[in-house]
1. Any residue at all in the range 149-161 that's of a type outside the set (D, E, K, R) and closer than 21 Å to residue 23 by Cα?
2. Could you pull out the residue among 101, 111 that is charged (D, E, K, R) and within 16 Å of the chain's Cα centre (by Cα)?
3. For the condition closer than 21 Å to residue 60 by Cα and touching a residue at least 24 places away in the same chain (Cβ under 8 Å), what is the one hit in 157, 143, 91?
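Nothing in this text is a laboratory measurement; each read-out follows from the coordinates by a stated rule. As the structure is a computational prediction, the values presented were derived from the model and not from experiment. When we count neighbours, we look across all protein chains shown, and the Cβ atoms used for this are built from the backbone with ideal geometry, even at glycine.
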Amino acid sequence: MKKIFWVAGLLLLALTSCSNEPSLQKYFVEKSSARDFMTLDIAANFVNSDTLSLSDGEKKALQSLNKLNLLVYKKDSLATNEVYDKEKETVKGLLDKGAYEQLMRMGSNKEGVYIYSLGEEKEIDEFVFFMYQQENGFGVVRVLGDDMNPNDVMYMVQLLEKGNLNLKQLAPLKEVMVE
């Protein structure tokens with residue numbers, strides 16, 4: 001009888017510990033099947049590093065990267081500004097009210113870029129880039145990793161510039177962006 005109470009207690013604890021709070025991850029999942037949205041997960045091996053000579057910083061940055069999540073809202077000619085504004089404000093709200101720390105902000109009401117981080121200063125688990133343009137839509141890129149720092153993101157940008165990318169993973173994004 002005591003076992004039943006322990007099992008029931010553990011089960012109740014497990015069920016109540018699941019949060020119903022809105023989050024960026026839940027937003028990605030919710031919008032993954034929506035008509036005007038496209039999501040894409042990109043594995044860390046999108047940079048084919050076998051043939052590149054990498055600096056120690058680039059190697060560390062690549063090792064700290066787990067994956068990239070992309071969410072794109074493509075505003076078509078039928079979409080109203082109200083729908084775009086609502087979705088854009090939802091994302092901004094999730095980022096501003098959540099555990100994310102805003103690192104940088106550029107732009108205006110019509111177009112801009114926000115950069116956020118999640119985690120401690122030298123042990124960042126997530127960087128988020130939120131880009132929007134009123135005419136076209138917006139995109140959110142989640143850079144997920146372990147113990148990253150802002151320099152790691154800069155190294156990843158350098159790796160992208162060096163080339164030798166495995167672009168097959170980006171094919172679905174190209175289909176959405178090109179009309």
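1. No - not one qualifying residue is present in the range 149-161.
2. None of the others qualify; the one that does is 101.
3. On inspection, the qualifying residue turns out to be 143.
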